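Since every read-out is calculated from the coordinates, none of them should be taken as a lab result. Please read these numbers as outputs of a predicted model, since none were measured by experiment. Here the Cβ positions follow ideal geometry from the backbone for every residue, glycine too, while neighbour counts run over all protein chains shown.
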Amino acid sequence: MVRIIGKVGMFIVMGIGLAWAVLFAGYYINVELNKHKAEREIRHYLQAVQQQDYNKAVRLFGEPLDGDRLQQLQPFRLVKYSQVKADFDDGCVCSGRAKLTFQTDGLPVTVDAVIALRAEYKPGQICAGATKAQHSALPALAEWNKVNCGSSFL
């Protein structure tokens with residue numbers, strides 16, 4: 001009788017452990033899929049801006065983006081983006097980061113950007129940070145932040 005209870009107990013403990021492992025794996029897979037979706041949405045938006053397709057950019061970004069103001073930034077433009085990453089934090093994939101390379105007339109300048117995500121992992125804000133030297137090389141970066149970030153903190 002004791003042996004039977006011991007075996008039943010062992011199967012219960014193993015079942016609970018297996019259930020936890022399956023739940024953890026499912027949660028991890030879901031997080032990774034959501035990060036992938038977010039990174040894809042960010043890349044699509046940045047690609048539209050890089051290609052100067054402002055109607056598509058507005059459609060991908062959503063309501064707060066003013067396509068006319070984005071277009072008025074010319075000749076300041078996004079020439080390259082890289083290292084697009086979505087971050088899992090506080091129980092959601094709601095932020096990210098990337099490296100953005102801008103150019104006006106002079107040499108291109110690469111800055112780090114912080115990205116806040118909205119519903120469906122669409123970019124809600126893309127805030128480009130810059131050092132004082134980068135800001136002096138690209139004064140239009142403040143306007144980029146007003147359009148894409150909501151304000152300029154430079």
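Over the range 26-75, what is the mean sequence separation of C-alpha contacts under 8 Å (at least six apart), divided by residue count, expressed as relative contact order in percent?
In percent, rounded to a whole number, it is 24.
Measure nothing but the geometry: give the 0 to 90° angle between the long axis through the Cα atoms of 2-50 and the longest principal axis through the Cα atoms of the chain, rounded to 10°.
10
Applying 1/(1 + (r/R0)^6) with R0 = 35 Å to the Cβ-Cβ distance of residue 151 and residue 29, what FRET efficiency is obtained, to the nearest 0.05?
0.40
Measuring from label point to label point, each 7 Å out along Cα→Cβ, what is the residue 3 to residue 53 span in nm?
For the pair residue 3/residue 53, the computed spacing is 7.1 nm.
At R0 = 22 Å, how high is the FRET efficiency between residue 136 and residue 103 if r is their beta carbon distance? Nearest 0.05 is fine. Write out the running numbers ahead of the final one.
On the way: r = 15 Å, r/R0 = 0.68.
It comes to 0.90.
Just how large is the dipole of the chain about the Cα centre, in debye to the nearest 20, putting +1 at every Lys and Arg Cβ and -1 at every Asp and Glu Cβ?
For the chain, the charge dipole is close to 460 debye.
So what is the relative contact order for the chain, in percent, with contacts set as C-alpha pairs under 8 Å and at least six apart?
On the way: 223 pairs, mean separation 26.7, N = 154.
For the chain, the relative contact order is 17 percent.
To the nearest 0.05, how large is the calculated FRET efficiency for residue 69 and residue 116 if R₀ is 22 Å and r is the Cβ-Cβ distance? All intermediate terms of the calculation are to be shown ahead of the outcome.
Values: r = 19 Å, r/R0 = 0.85.
So, using R0 = 22 Å, E works out to roughly 0.70.
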